[in-house]
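The values are calculated or read from the model by the stated rules, or taken from the named source; none is laboratory data. Nothing here was measured: the structure is a model prediction, and the numbers come from that model. In this analysis, Cβ positions are derived from the backbone assuming ideal geometry, glycine residues included, and neighbour counts consider all displayed protein chains. To get the accessible areas, we keep the full protein, side chains included, count just its heavy atoms, and leave off ligands, DNA and RNA. Shrake-Rupley method; radii C 1.70, N 1.55, O 1.52, S 1.80 Å.
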Amino acid sequence: MSFQKATDLLRLAEMATSRYRGVSLTDIEEAFGVDRRTAQRMTKALEETFPNCSTEVDDDRRKFWKLQADHARLMLAQGIRDSELAALEMAIRRAGRDGALTEVSALSGLRDRLLSAMPGPHARRAEADAEAVLEAHGFASRPGPRVLVKAGLLASIGEALKGPHVLTIVYAGGRDPNRERRLEPHGLLLGTRRYLVARETGGDGRMQHYRLDRIATARLEADSFARDPGFDLATHANRAFGSYHADHEYGEVVWRFTPAAAPTAGEFIFHPTQELTKEADGSLTVRFLASGHLEMAWHLYTWGDAVEVIAPKGLRDMVARNRRDDFPALP
């Protein structure tokens, strides 16, 4: 067996141990980028290497391979890899940068427990290698712009989302900034600014957005509520270009990048629903459905005159006077 195949087998054992139901052929195909035949060969190797591997078939006739933790000692002996520790450290620093103190504490505790289970020399080497990876990514010293959020606010919102519990806030925006609002939180939108997605208790049931930097106070209530079963945060988020939603703006958006800018634009994911079309003259047309013209205009400005708005007309008019030709580089 090659080293790569051995590494893949250990990774497969990790998946089969960590997932409640185990791992399916579809899971293997997606995780390793292999076809069905290769996935089947990998499960056969898993069964041969770990005789205590069990299988189960669900109601949809999908087969799962499962390993109990005490049956995978070889896999558990690997400890934590430097790349995994670096990813964990990056998550801790991102959470700290965003003011998510509860997540910082939880992730830091996980990191410390993982390191404590490793022999001293291996733990120190993993930490040193992880720090090198962080520096190479430029993350350790790149704070980036951010909007300040009051300490403890994300912790309260997190508890409310997990409950789910009602959250009472005083919001500095809107027509009545001093009124307390009892909200039923359904999610968070992260972007240039962060928004709490929630509906007001006793209201019309519509999901509204509340900017976190405008929430003056937040109080977690003991009252629970029933989440809207028809609400999907990912689907809701896809209705906007960034974090701002405007139902009256929702519709088809079409941008065309010049032939010179097309290779760079082709590397971007502007929106999850985007469709890219390479034109005969070498230009690139991008189409997607979304709202949020102002955030689109902010982004389009960075492209100067290398992009033209084909639709909608409102966005085209908004950016027409700001298409500069003197930017020395593309985004």
- Pick out the one residue from Leu300, Leu284 that is surrounded by 15 or more Cβ atoms within 10 Å (Cβ to Cβ), over 30 Å from Leu212 (Cα atoms) and at pLDDT 95 or above. Leu284
- Please work out if Ala311 is over 27 Å from the mean Cα position of the chain (by Cα) and modelled with pLDDT of 95 or more. yes
- Restricting attention to the stretch 227-271, which residues are open to solvent by 70 Å² or more (accessible area, probe 1.4 Å) and of a type in the set (A, V, I, L, M)? Ala260, Ile269
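For (1) within 18 Å of Ser156 (Cα to Cα); (2) hydrophobic (A, V, I, L, M, F, W, C); (3) buried (at least 20 other Cβ atoms within 10 Å of the Cβ), each residue gets a yes or a no:
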position: Ala172; (1), (2), (3): yes, yes, no
position: Asp176; (1), (2), (3): no, no, no
position: Leu183; (1), (2), (3): yes, yes, yes
position: Gly187; (1), (2), (3): yes, no, no
position: Leu196; (1), (2), (3): yes, yes, yes
position: Gly202; (1), (2), (3): no, no, no
position: Arg206; (1), (2), (3): no, no, no
position: Tyr210; (1), (2), (3): yes, no, yes
- Task: Could you grab the pairs with beta carbons closer than 6 Å, sequence gap of 6+ or different chains, first residue in the stretch 182-210 and outside any loop (DSSP other than H, G, I, E, B), second one open to solvent by 40 Å² or more (accessible area, probe 1.4 Å) and among the aromatic types (Phe, Trp, Tyr)?
- Result: His186/Phe231
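Is it fair to say Leu85 is modelled with pLDDT of 80 or more, surrounded by 18 or more Cβ atoms within 10 Å (Cβ to Cβ) and not β-branched (Val, Ile, Thr)?
On the way: modelled with pLDDT of 80 or more: no; surrounded by 18 or more Cβ atoms within 10 Å (Cβ to Cβ): yes; not β-branched (Val, Ile, Thr): yes.
The answer is no for Leu85.
Condition first: acidic (Asp, Glu) and touching an Asp or Glu at 6+ places or on another chain (Cβ under 8 Å). Now tell me which residues in the stretch 20-49 satisfy that. Break it down stepwise before answering.
Narrowing the stretch 20-49 to residues acidic (Asp, Glu): 27, 29-30, 35, 47-48.
Glu29, Asp35 - these are the residues of the stretch 20-49 that are acidic (Asp, Glu) and touching an Asp or Glu at 6+ places or on another chain (Cβ under 8 Å).
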- Considering only the stretch 48-67, state which residues are farther than 18 Å from Phe32 by Cα, open to solvent by less than 100 Å² (accessible area, probe 1.4 Å) and not β-branched (Val, Ile, Thr). Phe50, Asn52, Cys53, Ser54, Glu56, Asp58, Leu67
- Set Thr258, Thr235, Thr217: member being within 30 Å of Gly282 (Cβ to Cβ) and among the polar types (S, T, N, Q): Thr258
- Query: Pairs, please: C-beta under 8 Å, at least 6 apart or cross-chain, first residue closer than 20 Å to Asp8 by Cα and in the stretch 42-63, second aromatic (Phe, Trp, Tyr)?
  - Reply: Met42/Phe32; Thr43/Trp65; Leu46/Trp65; Glu47/Trp65; Cys53/Trp65; Ser54/Trp65; Thr55/Phe64; Thr55/Trp65
